Amino acid sequence: MDTVLYAVCAAAGWIALGYMVRLQRQHPSHARRAICFGLGAFAAGITVAIPPVATAVDQVSGLPNLAKVMAHAGALTISANAEIMLLHFALPPATANARARKWIWVTACAFLVMLGLFVHTLSYDDPVLLTVEYATDPVVTAYLLIFLLLGFFAYCFDITRLCWSFAKICGRPWLRRGLRITAVGAAFALLYSTNKIGYLVAYWAGYQPSGERQIAAVLVTVGALLITIGLTMPAWGPTLKITRRWEDYHSYRRLEPLWRDLVAAFPELELDPTLRRRSAAVRDTDYALTRRVAEIRDGRLALRPYMEISVTALAARFAEQAGLTAEERQASIEAAHLACALRRHGAGLVAEVPQPADQLHRPDGGYAGEVAWLTLVTEVYARSPVVARTIAATREGTAPGTPHPTAGDARR
């Protein structure tokens, strides 16, 4: 059974690698390059882990366990690349680079120790395998514990945590889905590590439980396939036309909190009230989404006289204290400006020093990038503590009785 399962994983890995390499050549990016390296290491590692292939590698080389070491090197490499990619998604560049370097050094040192232990086993008169059945040998136990605790437990725990956390605030639907699937796949890898460690303890205690290889093969297959799908989903997901209608409708609904407040402040923005009905939006989702995006942008322009430049510094400070990424900080500043400007508009107070128009954020990616950016801003606007703190900090300046230019003064 493990031969078939590992062969399926290897085939999926090579197919995913070919697809991502083609995309990397057409549209190079640092994240996609990391995925290509990781998928290449995974595909090669899982291929040599297929039992007939592993046996052939060991026989040709004359080194028992060489295939096992190669497979473990592939697992460590894809884990490291996935971790580094996620760190750059979730953290500011300087922090992400520092943590990535730490993981690289730890992984390299751990693998050098594993290589040393592997070389030590070659001196044995009676050959051993780097599997739990030989766990009573201290060298085998040390090798497996380093591999399991770092390559699976530490990495996959952090990958699961980062994926799930970043998916909550990610504005790109297919990236969000891919992150969640990757998190589930990493959770299966955690189960694989826990299962292996449990068998290690059992063998050290004098028991010889069966079924370890079959359980491990199932957990590795499920985890590897889910991680492969999750890492590549942001690339191939948007090409599935059948899902675009639902995705557009979902974006239309997610933009509602910000759109609703803007239209309440400026009723003239709403050109087609029939789109408030869900049935009308479902019938022509593309039109409904386009209108909603345009009305939000028109509302942003209408609020410009009420956007106080001091809000930028306040929101930026609160965002930095919250440890947000660069994109999250930018979205928090934009959302804070909109929230504060809406309150100033309601009070009839224009800005003493307006925010310069050229500082309006312009996302990349055309219309799709615009939708993703406004979706992120809307989610931050609706529930971010950074926005709430900024509103609280500026509330005194908009309190009744505070001397301040009014909209009528500005018109004069």
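The values are calculated or read from the model by the stated rules, or taken from the named source; none is laboratory data. Note that the structure is predicted; figures quoted are calculated from it, not measured. All Cβ positions, even for glycine, are placed from backbone atoms using ideal geometry, and neighbour counts span all protein chains on display. The protein model used for the area step is the full one, side chains on, heavy atoms only, and it has no ligands, DNA or RNA in it. Shrake-Rupley method; radii C 1.70, N 1.55, O 1.52, S 1.80 Å.
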Exactly one of 264, 288, 331, 235 is among the small types (Gly, Ala, Ser), open to solvent by less than 30 Å² (accessible area, probe 1.4 Å), assigned to a helix (DSSP H, G or I) and over 30 Å from residue 92 (Cβ atoms), and that one is 288
Just one listed residue, out of 302, 224, 281, is at pLDDT below 85, small (Gly, Ala, Ser) and surrounded by 14 or more Cβ atoms within 10 Å (Cβ to Cβ), and it is 281
Can you name the number of the only condition in (1) part of a helix (DSSP H, G or I); (2) farther than 18 Å from residue 182 by Cα; (3) of a type outside the set (D, E, K, R) that residue 31 fails?
(2)
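For every residue, the table says whether it meets (1) more than 20 Å from residue 219 (Cβ to Cβ); (2) part of a helix (DSSP H, G or I); (3) open to solvent by less than 30 Å² (accessible area, probe 1.4 Å); (4) touching a Ser or Thr at 6+ places or on another chain (Cβ under 8 Å).
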{"site": "7", "(1), (2), (3), (4)": "no, yes, no, no"}
{"site": "15", "(1), (2), (3), (4)": "yes, yes, no, no"}
{"site": "37", "(1), (2), (3), (4)": "yes, yes, no, yes"}
{"site": "40", "(1), (2), (3), (4)": "yes, yes, yes, no"}
{"site": "47", "(1), (2), (3), (4)": "no, yes, no, no"}
{"site": "52", "(1), (2), (3), (4)": "yes, yes, no, yes"}
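From 252, 207, which residue is within 30 Å of residue 302 (Cβ to Cβ) and either out of contact with any strand residue (DSSP E or B) (no Cβ under 8 Å at 6 or more places or on another chain) or modelled with pLDDT of 90 or more (or both)?
Result of the check over 252, 207: 252.
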Only one of (1) of a type outside the set (A, V, I, L, M); (2) more than 20 Å from residue 234 (Cβ to Cβ); (3) open to solvent by less than 20 Å² (accessible area, probe 1.4 Å) is not met by residue 325, so which one is it?
(2)
Exactly one of these conditions fails for residue 193: (1) in a loop (DSSP other than H, G, I, E, B); (2) modelled with pLDDT of 85 or more. Give me its number.
(1)
Selection within the range 97-121 - more than 25 Å from residue 30 (Cβ to Cβ) and open to solvent by 70 Å² or more (accessible area, probe 1.4 Å):
112, 113, 119, 120
What are the pairs, 6+ residues apart or on separate chains, where a residue within the range 209-225 that is farther than 16 Å from residue 152 by Cα has its Cβ under 6 Å from a residue that is modelled with pLDDT of 90 or more and outside any helix (DSSP H, G or I)?
none
Just a yes or no: is a residue in the range 75-92 open to solvent by 20 Å² or more (accessible area, probe 1.4 Å) and more than 23 Å from residue 232 (Cβ to Cβ)?
yes
Kindly indicate whether residue 28 is open to solvent by 50 Å² or more (accessible area, probe 1.4 Å) and touching a residue at least 40 places away in the same chain (Cβ under 8 Å).
no
Regarding the range 37-54, can at least one residue be identified that is under 17 Å from residue 78 (Cβ atoms) and polar (S, T, N, Q)?
yes
